[in-house]
Amino acid sequence: MKGGLEMLFSQKRRAFLILSCLLCLFLVTPGCGSSKGTTSEQTKGQGPKGEPIKIGLIQPLSGPVAAAGIAVKNGAFIAKDEINASGGINGRPIELIVEDSANDPATATNAANKLITRDNVLAIIGAWGSSPTLAVVPVCRNNKVPQLVETASSFKVTDRNEQGNEWVYRLNAPTRMEAAAMKEHLVKDLGFKKVMFLSVNNDWGRGAILDYTKVLKETGGEVVGQEFFEQDETNFTPILTRVKNSPADSIILTTDAAQVALIAEQGRNIGLTQKILVTGGSCFLDKVIKLVGPKAAEGLYASMFYAGAYDPNKSANPEKAKYFNEEWKKRGYDWVEITEGARGYDAVMTLAEALKQLPSQNITREGIREALAKVKLKGIIFGDISFGEWGSFINQNAAPVAIAVVKNGKGQLVMDPVVPKP
C-alpha cells in the first residue's frame, strides 16, 4: 500500500513539474524578440508600430576597454528609447543591433560583415578604437553602408589622402583637431615645453605623437623622447623611471583611463614630478580618481569632449545635457563612464536627424549617406554637429575640445570648450 501511494504521488509530482515547465516556456516565449533588439515599448504593445530601422553598433564589450564600449552602448540606448517613446521616425522604431569588437580589428571586421550581410542594417555606428574603426571603414565603403564614427581619433579615418571616403562620417574630433584646439594653451599656459610622449602602441597612440609634435614645434615646445606600450601593459615603472631621469618637464600620454590610473599611481610611487596631459577625450578624470584615489590623480590634465559632465551649461545643448545626465543616473549607470555614454547618445541622435529628412518608406543606405551630409544638430558632446571639410578631412564634424584638471582632489574644467580651426 505504501509503495502504491508513493508511486501515485511521484506521478502527480512529475506531471506538476512538466506542466510548470510548459507554463514557464509559454510565458517566456513572447520575450524572445528582445534578442533582436525589440524595444520595451513594442513588447508592451506601445510605441511606434512600423517596420524597424536597423542600425548596427560595434563597440568593445569585452577586453581591457570594455567599460568604455558598454558606456557608449548605454548612451545609444538612452537616445533610442527617447526617440521611440516619441513615435520613432515617422512611426518606425529605431532598432539597435549591437556587436562586440573587443577593440580588435579582425573581430570588428567580422562584426561589420555580419551586421551588413545577415542583419541588413542600414548604417553602422563604431567602432570606438582607431584600429578597429579603420578596419571597418573599407567594409562599409565596399558594401555602400554609411558609417558614423563616434570615438576614433586617428587622422586616417576621414583624411581624404588616407581612408576618408563618402561613406564614413566622423563626429569625434581626431587628434589633429584636438591638438589644434590646444595650440594657444599647451606651451604658454600649461607649461608643456619639454615633452616626453607615452603612447599605447596602436593607430591612436602613434597618430597622437605626430599631431601633438606638430603643434609643439609650432608653439616653441620641444619633444625629448617617446615610449610605447601595449594595451594590456600593467607595469609602467621601468618606462616612468626613464622619464623621471630624462630632461622632460612634462608628459603627453595617450591611452585609456585604466592605464592612466596605473601610470598615475606608479609615477607617484617613484616620485615622478613631470606634469601629465592625457589625450583623446576618453579619459574622464572622475574615473581616474575613482580608480587610483585623489592623491595619485592630483594635477593630472586631460582633454575632454563632454564638458557637460562637469557643467551642462558648457554643452552646445544644455537642456539635453541636463536630461542625459539625469537619465544616466536614473538608469543606475556608473557616473565615471558618462563621457563615453554621451558619444553613443549623440551618434544615435545624429542618425535620427538624418533619417527624419527621408520618406519613412524610402529609407535606404544611400539615402542616409546623403542625408548625413545635410545634418544640423546641437549635440550634447559634439557641439553644433554638421559634416564638411576641415583641412584634409572630409565628412568631419568640428567638435569642441576642453581641458580638465584634478585640483584639490576633484576634476574641473581649466579650459572651456574650443572649436578647433584648421
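Filtering the stretch 43-78 down to residues that are assigned to a helix (DSSP H, G or I), open to solvent by 50 Å² or more (accessible area, probe 1.4 Å) and not hydrophobic (A, V, I, L, M, F, W, C), which residue is nearest to SER131 (Cα to Cα)?
Among those residues, the one meeting the criterion is LYS73.
Would you point out the residue of the stretch 387-412, among those that are open to solvent by 40 Å² or more (accessible area, probe 1.4 Å) and touching a strand residue (DSSP E or B) at 6+ places or on another chain (Cβ under 9 Å), that is nearest to GLY308 (Cα to Cα)?
Among those residues, the one meeting the criterion is GLN412.
ASP81: assigned to a loop (DSSP other than H, G, I, E, B) and of a type in the set (Asp, Glu), yes or no?
no
Please work out which one of (1) assigned to a loop (DSSP other than H, G, I, E, B); (2) open to solvent by less than 40 Å² (accessible area, probe 1.4 Å); (3) at pLDDT 95 or above is the condition PRO420 fails and give its number.
Unmet for PRO420, out of (1) assigned to a loop (DSSP other than H, G, I, E, B); (2) open to solvent by less than 40 Å² (accessible area, probe 1.4 Å); (3) at pLDDT 95 or above: (3).
Which members of the stretch 211-225 meet the condition of being within 20 Å of CYS283 (Cα to Cα) and either surrounded by fewer than 16 Cβ atoms within 10 Å (Cβ to Cβ) or free of Cβ contacts under 8 Å to residues at least 60 places away in the same chain (or both)?
Within the stretch 211-225, just ASP211 meets the criteria.
Within the stretch 309-352, track down each residue that is polar (S, T, N, Q), part of a helix (DSSP H, G or I) and either buried (at least 21 other Cβ atoms within 10 Å of the Cβ) or within 13 Å of the chain's Cα centre (by Cα) (or both).
THR339, THR350
On the given criteria, is LYS188 under 24 Å from MET304 (Cβ atoms), among the basic types (Lys, Arg), free of Cβ contacts under 8 Å to residues at least 40 places away in the same chain and in a loop (DSSP other than H, G, I, E, B)?
yes
Could you tell me which of the residues GLU265, GLU227, GLU233 is touching a Leu at 6+ places or on another chain (Cβ under 6 Å) and among the acidic types (Asp, Glu)?
When all the criteria are applied, what remains is GLU227.
Taking the stated definitions as given, is ALA106 small (Gly, Ala, Ser), in contact with a helix residue (DSSP H, G or I) (Cβ under 8 Å, 6 or more places away or on another chain), surrounded by fewer than 18 Cβ atoms within 10 Å (Cβ to Cβ) and not in a loop (DSSP other than H, G, I, E, B)?
Yes; evaluated as a whole, the condition is true for this residue.
Does PRO146 meet the test of being surrounded by fewer than 20 Cβ atoms within 10 Å (Cβ to Cβ) and either out of contact with any strand residue (DSSP E or B) (no Cβ under 7 Å at 6 or more places or on another chain) or under 15 Å from VAL168 (Cβ atoms) (or both)?
No: the conditions fail for PRO146.
Does the stretch 158-175 include one or more residues that are open to solvent by less than 10 Å² (accessible area, probe 1.4 Å), in contact with a strand residue (DSSP E or B) (Cβ under 6 Å, 6 or more places away or on another chain) and assigned to a helix (DSSP H, G or I)?
No, there is no match, as no residue in the stretch 158-175 is open to solvent by less than 10 Å² (accessible area, probe 1.4 Å), in contact with a strand residue (DSSP E or B) (Cβ under 6 Å, 6 or more places away or on another chain) and assigned to a helix (DSSP H, G or I).
Could you tell me which numbered condition GLY87 fails, if it satisfies all but one of (1) open to solvent by less than 10 Å² (accessible area, probe 1.4 Å); (2) modelled with pLDDT of 95 or more?
The failed condition is (1).
So is GLN226 polar (S, T, N, Q) and at pLDDT below 95 or not?
In short, no.
Does GLY207 satisfy the condition of being open to solvent by less than 40 Å² (accessible area, probe 1.4 Å), without any contact (Cβ under 8 Å) to a residue 40 or more places away in the chain and farther than 12 Å from THR255 by Cβ?
No: the conditions fail for GLY207.
Which residue is most open to solvent (accessible area, probe 1.4 Å), if the candidates are limited to the stretch 358-381 and must be of a type in the set (A, V, I, L, M) and either on the phi > 0 side of the Ramachandran plot or not in a loop (DSSP other than H, G, I, E, B) (or both)?
If we take residues in the stretch 358-381 being of a type in the set (A, V, I, L, M) and either on the phi > 0 side of the Ramachandran plot or not in a loop (DSSP other than H, G, I, E, B) (or both), then LEU377 is most open to solvent (accessible area, probe 1.4 Å).
Considering (1) within 27 Å of the chain's Cα centre (by Cα); (2) of a type in the set (Gly, Ala, Ser); (3) farther than 23 Å from PRO105 by Cα, say which one GLY205 fails and leave the rest.
(3)
The values are calculated or read from the model by the stated rules, or taken from the named source; none is laboratory data. Small disclaimer: the values here were computed from a predicted structure and weren't measured. FYI the Cβ positions are ideal-geometry reconstructions off the backbone, even for glycines, and counts take in every protein chain you see. We work out accessible area using only protein heavy atoms, side chains counted, and drop any ligands, DNA or RNA first. Shrake-Rupley method; radii C 1.70, N 1.55, O 1.52, S 1.80 Å.
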